[in-house]
Amino acid sequence: MLLGTASEAAALPYYPVAPGVQLNVRSGPGTSYGIVRTLPVGAQVPINCQTPGTTVTGPYGTSNIWDNISNGQYVSDAYVKTGSDGYVAPRCS
């Protein structure tokens, strides 16, 4: 699991990654950033904050929103089922 402090983890909802997808986690909000790890099929992620970045087309549409799931770890929102085409978390500062 991807957890910060216990109180942070309890407050953040987790969102499922698209079915059947091993999702690359990048060091920044875009495909030009290095891959820091890969999430397994069936993973769920917290979204600490969101920021614009590279536009990506995935199972949930085309989006330039990137989700910060941990310190220095981002995934494309086009692969995360948030139930929205827009922002569902605060903007990253």
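Summary table below
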item: Size of charge dipole - the chain - debye, nearest 20, with Cβ of Lys, Arg +1 and Asp, Glu -1, no other charges; result: 120
item: Which of T62, T54 is most accessible, then next, and so on - probe 1.4 Å; result: T62, T54
item: Residues listed by number, region 20-54, amide nitrogen under 17 Å from S70 label point at 7 Å toward C-beta; result: 22-29, 34-49
item: Probe 1.4 Å, all protein chains present, accessible-area order of L12, L39, largest first; result: L12, L39
item: Compactness of the chain - radius of gyration and Dmax, Cα, Å; result: 11.9, 33
item: Computed accessible area, R26, all protein chains, 1.4 angstrom probe, square angstrom; result: 40
item: Label-to-label distance, nm, for residues given as T38 and C92 (7 Å Cα→Cβ offset); result: 2.2
item: Using θ = phi - 60° and Karplus 6.51 cos²θ - 1.76 cosθ + 1.60, couplings along region 16-31 (whole Hz; Gly, Pro as x); result: x, 7, 3, x, x, 9, 9, 9, 6, 9, 10, 6, x, x, x, 6
item: Nonlocal amide H pairs with W66, under 5 Å, H built at 1.01 Å; result: T51, G53, D77
item: Relative contact order (percent, whole number), region 29-93, Cα cutoff 8 Å, 6+ residue spacing; result: 33
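The values are calculated or read from the model by the stated rules, or taken from the named source; none is laboratory data. From a predicted model like this one, the values you see are computed outputs, not experimental measurements. Positions of Cβ are backbone-derived with ideal geometry, glycine not excepted, and every protein chain shown enters the neighbour counts. Quick note on the areas: whole protein, heavy atoms, side chains included, nothing else; ligands and nucleic acids left out. Shrake-Rupley method; radii C 1.70, N 1.55, O 1.52, S 1.80 Å.
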